[in-house]
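The values are calculated or read from the model by the stated rules, or taken from the named source; none is laboratory data. Computed from a prediction, not measured in an experiment: that's the story for all the values here. All Cβ positions, even for glycine, are placed from backbone atoms using ideal geometry, and neighbour counts span all protein chains on display. Areas reflect the complete protein model, heavy atoms only, side chains present, ligands, DNA and RNA absent. Shrake-Rupley method; radii C 1.70, N 1.55, O 1.52, S 1.80 Å.
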Amino acid sequence: MGFRKDFLWGGATAANQLEGAYNEDGRGLANVDLTPVGEARLSVITGKRKMLEFEEGYFYPAKGAIDFYHRYKEDIALFAEMGFKTYRMSIAWTRIFPKGDEETPNEKGLEFYENVFKECRKYGIEPLVTITHFDFPIHLIKEYGGWRNRKIVDFYKKLCEVIFKRYKGLVKYWLTFNEINILLHAPFMGAGIVFEEGENEKQALYAAAHHELVASAWATKIAHEIDPENKVGCMLASGKYYPLTAKPEDVWEALEKDRENYFFIDVQVRGYYPNYALKFFERNNLKIDITEEDRKILKENTVDFVSFSYYTTRCISKEAADLGEGNLLESMRNPYIEVTDWGWGLDPLGFRTTINEIYDRYQKPLFVVENGLGAVDTPDENGYVEDDYRIDYLRAHIKAMKDAVELDGVDLLGYTTWGPIDLVSAGTGEMKKRYGFIYVDRDNAGNGTLKRSKKKSFEWYKKVIASNGEDLE
Ligand code: BG6
């Protein structure tokens, strides 16, 4: 009983949130480089404010991040010390194709990831690679308008072909798009979209969604052709919507909100558009160009497994939805649960509920590829942090996940916590919102030595992994 013997314990990161070295070795500029910390961030990541060049007076945290680019050996050694079986990370598209539409890839970029994968393998760590984690070449935004343009599918296919060939034998587990449903809520981050004045936003979003879904199916096809050993997954930002009350209207609203997110995974797992989505397009007069070839590719190339992030459940009422609240995946305050310093609900049982719901819906092997607590840490003079709050959060969530496996029979491949080493927050751009087992000396303004030190949770997670999730104390 308990977790499978080959359960993949580990941690998850994204290129732009930890690598830094944004302009080294031929890397091109990406959307994620141009998302500043502070107030302007929200309007930039949601595509409301155009910022395609660095502007005076802003701090761009991804430029330097935590400098993983130069320190990956040290960081991977620490992951290995914790006993990681897997390390989830992403590839920066602009290291491989700096502009996105070149004929030939950048050898330096390819080399960097090859070295990282070899370093992982040295310790028996299985890389789990997200092909795009909120990552998109700026040139493709300026020239083509981001994912709303079908041409991007071909550039993405090219990227896939190059990396699948180059890393054959080194990488087996792939995720096509990080939190694909987030493109509806943060279109610049999820799809390289900056809205034009007066544009029909829904049209742009669902056109982009269609292109990413088709690209994801192509990636699956290419991955399987290049190496039948490859396993390709989709990736959902999960977290069930609860109705605020038992009012039938609130229950219906919650169902609609859940569908907005499941829509993507429905297509990636089943291979066709669900009727509720086609009706939604019709009602909203959206013209999505779904070709015969698209249908065939989607149908024939469904994913091998379903991965997702889980931080919290959400809560919605009919009234709030009518007011436009509950967008941006924010939710109403659930009166039955506590929240973190950043207002995210603490709901381990909601994790079990969500895991079960996803399994019931798809009947595919699942992979939890993000979970964790973003909190303020106060290190002592040696960088040591007594992060019992983080241990408590993780313990409760791992227990809930264990129940889903042991008591409910869910087929779960692995679990990677978000940000095993402190990194830049995707939502706020802060360093202060820390998730790590490893503390990094850097602040919101980019000051600090970048020195790494182990927190209390480091030893705790090591024990969890060594006991395959049996020892959570
Ligand atoms: C997920 C993303 O949404 O949540 C990560 O895939 C992100 O990139 C993580 O960092 C946590 O969110 P935040 O805003 O606290 O960094």
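Points worth noting:
- Test: W460 is open to solvent by less than 20 Å² (accessible area, probe 1.4 Å) and more than 24 Å from the chain's Cα centre (by Cα): yes
- Taking the listed residues Y439, Y389, Y384, Y461, the one that is over 22 Å from I355 (Cβ atoms), touching a strand residue (DSSP E or B) at 6+ places or on another chain (Cβ under 8 Å) and in a helix (DSSP H, G or I) is Y389, with no other qualifying.
- Residue that is nearest to the chain's Cα centre (by Cα) [pool: residues in region 140-151 that are of a type outside the set (A, V, I, L, M, F, W, C) and over 15 Å from M51 (Cβ atoms)]: R148
- Test result for G10, closer than 30 Å to S457 by Cα, in contact with a strand residue (DSSP E or B) (Cβ under 7 Å, 6 or more places away or on another chain), within 16 Å of the ligand (Cβ to nearest atom) and of a type outside the set (D, E, K, R): yes
- Of the residues contained in region 94-108, one or more are found to be among the β-branched types (V, I, T), surrounded by fewer than 19 Cβ atoms within 10 Å (Cβ to Cβ), over 14 Å from the mean Cα position of the chain (by Cα) and away from the ligand (no atom under 16 Å from the Cβ).
- Taken over region 50-84, the criterion of being part of a loop (DSSP other than H, G, I, E, B) and either open to solvent by less than 10 Å² (accessible area, probe 1.4 Å) or in contact (Cβ under 8 Å) with a residue 24 or more places away in the chain (or both) is satisfied by K50, M51, L52, F59, Y60, G64, A65, I66, D67, G83, F84.
- Condition met for D403 (out of contact with any Leu (no Cβ under 7 Å at 6 or more places or on another chain) and open to solvent by 30 Å² or more (accessible area, probe 1.4 Å)): yes
- Only one of the listed residues (Y167, Y156) is away from the ligand (no atom under 16 Å from the Cβ), touching a residue at least 60 places away in the same chain (Cβ under 8 Å) and either over 18 Å from V369 (Cβ atoms) or crowded, with 21+ Cβ neighbours inside 10 Å (or both). That residue is Y156.
- For the residues R4, R88, the requirement of being surrounded by 17 or more Cβ atoms within 10 Å (Cβ to Cβ), touching a strand residue (DSSP E or B) at 6+ places or on another chain (Cβ under 9 Å), of a type in the set (D, E, K, R) and closer than 26 Å to K172 by Cα singles out R88.
- Among residues of region 334-347, those that are open to solvent by less than 40 Å² (accessible area, probe 1.4 Å) and either away from the ligand (no atom under 16 Å from the Cβ) or among the β-branched types (V, I, T) (or both), counted: 3
- L29 vs. criteria surrounded by fewer than 21 Cβ atoms within 10 Å (Cβ to Cβ), within 16 Å of the ligand (Cβ to nearest atom) and over 23 Å from I421 (Cα atoms): no
- Of the listed requirements (1) over 23 Å from E74 (Cβ atoms); (2) within 16 Å of the ligand (Cβ to nearest atom); (3) in a loop (DSSP other than H, G, I, E, B), S425 misses just one: (1).
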